[in-house]
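The structure is given below, and queries will be raised subsequently.
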Amino acid sequence: MAVAQVIPADWLGMLANPILAEAVAGATEAFAAAGYETTLAPVTDAAAATAYGDMAARGAVDGALVHMPAVLDPHIAALEETRLPFVVHGQPLTVDAAYPWVGLNGVEAARQATRLLLRGGHSRIGLINGPKGLALSAQRAQGYRSVVKRRGLDMAPDLIRHCALSELAGHDAAAALLDSATPPTALLTATLPQALGAARAVAERSGQVALATHDDVFDMMGGTEAPPRFAGTRAPIRETARRAAELLLERIAAPDTPAQGERAAMQVVTDPVVPAPGA
């Protein structure tokens, strides 16, 4: 009657970040309701192969929930070598992955948000993305690039900044983009905390810069009852993590159930989009 919530050790510092905090909270609520104890398991990439084998051999936990998956995640690969039931909270880059997952279509979220900015007349759009290596960062970049390339717009490398999923990092990345020799007229951020920082950077410069984001719904900021803060897309992290936990409990009860993926619904928020100069 115990489960491990796996936090890759490289991202352990994000436990104070509202994104990961919401995910852990949602999953913990579901596990507690079912009478399960929760263990936070920070495991380094290098130790993944032995750590999960040891967990399974000792019977320390009945299953594992993996948060913040990487593009090529050694934790998932190691868990697949054990008979320990596991679920990934986060959509893989290919939806036909052979393991169970619950997540949002991050590629489509970025496409939708980029299109909103293009409709406002913007042709030079900066992307403030998450750290390199995270699956969510790869998905945001893929969606953004697919729309920009199709429209034949500027895809200069200096328009993309990778940074932590935090307000301060979003501020600093936006400031660097806006203070460049050829600043973008619109910014797309990977997450809400980054967008809040980017908005502060825009306000400091008294600029008319359009801003779109994946506006995750945080309970601490009003949840689904709070109005959208930015144009873009929004989806509740806590709810998707809760569903991932429920799926793990189902797999613990029936370990031989075929792996399946579940895509969470997202809402497209069309307002407000600041128009491009002269549009």
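Could you size up the charge dipole of the chain around its Cα centre, putting +1 on the beta carbon of Lys and Arg and -1 on that of Asp and Glu, and report it in debye to the nearest 20?
1100
Run the numbers on the chain and let me know its relative contact order in percent, using alpha-carbon pairs under 8 Å that are six or more apart.
23
Another one. Work through the residues other than I160 whose Cβ is under 15 Å from its Cβ and net out their charges, Lys, Arg +1 and Asp, Glu -1.
So the environment of I160 carries a net charge of +3.
By per-residue mean of other Cβ atoms within 10 Å, what is the highest-first order of 37-50, 187-200?
187-200, 37-50
Relative contact order, percent, of the range 1-156 when contacts are C-alpha pairs under 8 Å separated by at least 6 residues?
The value is 21 percent.
Which is farthest toward the positive dipole end of the range 176-277 among T233, A181, T191, measuring Cα position about the Cα centre, with Cβ charges +1 (Lys, Arg) and -1 (Asp, Glu)?
Farthest towards the positive end: A181.
Show that you can apply the helix-only estimate: for the chain, add -39,500 (n - 2.57) for every DSSP H stretch of four or more residues, divide by all residues, and state [θ] at 222 nm to the nearest 500.
Taken over the chain, the calculation gives -12000 deg cm²/dmol.
Using the Karplus curve 6.51 cos²θ - 1.76 cosθ + 1.60 with θ = phi - 60°, what ³J(HN,Hα) values do you get for each residue of the range 152-159, in whole Hz, with x for Gly and Pro?
Ordered by residue, 3J(HN,Hα) equals x, 9, 5, 10, 4, x, 6, 8 Hz.
Mind checking the dipole of the range 52-177: about its Cα centre, +1 per Lys or Arg Cβ, -1 per Asp or Glu Cβ, Debye to the nearest 20?
Computed about the Cα centre, the dipole is about 740 debye.
Enumerate the amide H contacts of V88 below 5 Å, restricted to partners 5 or more residues apart or on another chain; note that Pro and chain-start residues carry no placed amide H.
V66, W101, V102
Using a 1.4 Å probe on the protein chains only, how many percent of the accessible area of the chain belongs to carbon and sulfur?
Result for the chain: 55 percent of the exposed heavy-atom area is carbon or sulfur.
For F31, what charge total do you get from the other residues with a beta carbon under 12 Å from its beta carbon, if Lys and Arg give +1 and Asp and Glu give -1?
Values: positive: R242; negative: E29, E37, D62, E246.
That works out to -3.
Tell me the per residue accessible area of the chain using a 1.4 Å probe; a whole number in Å² is fine.
42
For the range 199-241, what class follows from the C-alpha gyration tensor (a ≥ b ≥ c being the square roots of its eigenvalues): rounded when a/c is under 1.5, otherwise prolate if a/b is larger than b/c, else oblate?
prolate
Scattering from the C-alpha atoms of the range 165-279 alone, worked out with Debye: what is log10 I(q)/I(0) at q = 0.15 1/Å?
Here the Debye-derived log intensity ratios amount to -0.73.
Oh, and also: Could you compute Rg(Cα) / (2.2 N^0.38 Å) for the range 59-188, with N its residue count?
In units of the 2.2 N^0.38 Å rule of thumb, it is 1.24.
Please give the peptides 155-165, 82-92, 22-32, 217-227 ranked by average Cβ packing (other Cβ atoms within 10 Å per residue), highest first, as a rough proxy for protection.
Numbers: 155-165: 17.0, 82-92: 22.5, 22-32: 20.6, 217-227: 12.8.
Output ranking for 155-165, 82-92, 22-32, 217-227: 82-92, 22-32, 155-165, 217-227.
Per the Kirkwood treatment, what hydrodynamic radius in Å, one decimal, follows for the chain from the mean inverse distance over all distinct Cα pairs?
19.3
Each residue of the range 123-135 in order: what ³J(HN,Hα) in whole Hz does its phi give by Karplus 6.51 cos²θ - 1.76 cosθ + 1.60, θ = phi - 60°, with x for Gly and Pro?
Here the 3J(HN,Hα) series is 10, 10, 10, x, 10, 9, 9, x, x, 4, x, 6, 4 Hz.
Compute the signed sum of charges (Lys and Arg +1, Asp and Glu -1) over the other residues within less than 14 Å, Cβ to Cβ, of I252. Don't skip to the end; give the middle numbers.
Details: positive: R83, R251; negative: E37, D62, E246, E250, D256.
Net of charged neighbours comes to -3.
Here is a further query. Could you please state, rounded to a whole Å, how far the C-alpha centre of the range 219-272 is from the C-alpha centre of the range 170-201?
Taking the Cα centre of each part, the range 219-272 and the range 170-201 sit 26 Å apart.
With unit charges on the beta carbons (Lys and Arg positive, Asp and Glu negative) and the dipole taken about the Cα centre of the chain, which residue among A32, A57, C163 sits farthest to the positive side?
So the residue we want is C163.
Okay, moving on. Tell me, what HN-Hα J-couplings in whole Hz come from the Karplus equation 6.51 cos²θ - 1.76 cosθ + 1.60 at θ = phi - 60° for each residue of the range 184-190, using x for Gly and Pro?
Values, residue by residue: x, 9, 8, 10, 10, 10, 6 Hz.
Here is a follow-up. Using +1 at the Cβ of each Lys and Arg and -1 at the Cβ of each Asp and Glu in the range 201-279, identify which of G223, A245, T213 lies farthest towards the dipole's positive end.
The Cα lying farthest towards the positive end belongs to T213.
Using the Kirkwood radius built from alpha carbon pairs, what does the Stokes-Einstein equation give as D for the range 75-144 at 20 °C and 1.002 mPa s, in µm² per second?
156
Right, here's the next one. List the residues whose amide H sits under 5 Å from the amide H of L211, counting only those 5 or more places along or on another chain, with H placed 1.01 Å from N in the peptide plane.
L187, V274
The values are calculated or read from the model by the stated rules, or taken from the named source; none is laboratory data. Bear in mind the structure is a predicted one, so any value in this text is a computation, not a measurement. With ideal geometry, Cβ positions are generated from the backbone for all residues, glycine too; neighbour counts draw on all protein chains shown. Note: accessible area is taken over every heavy atom of the protein model, side chains too, but ligands, DNA and RNA are not part of it. Shrake-Rupley method; radii C 1.70, N 1.55, O 1.52, S 1.80 Å.
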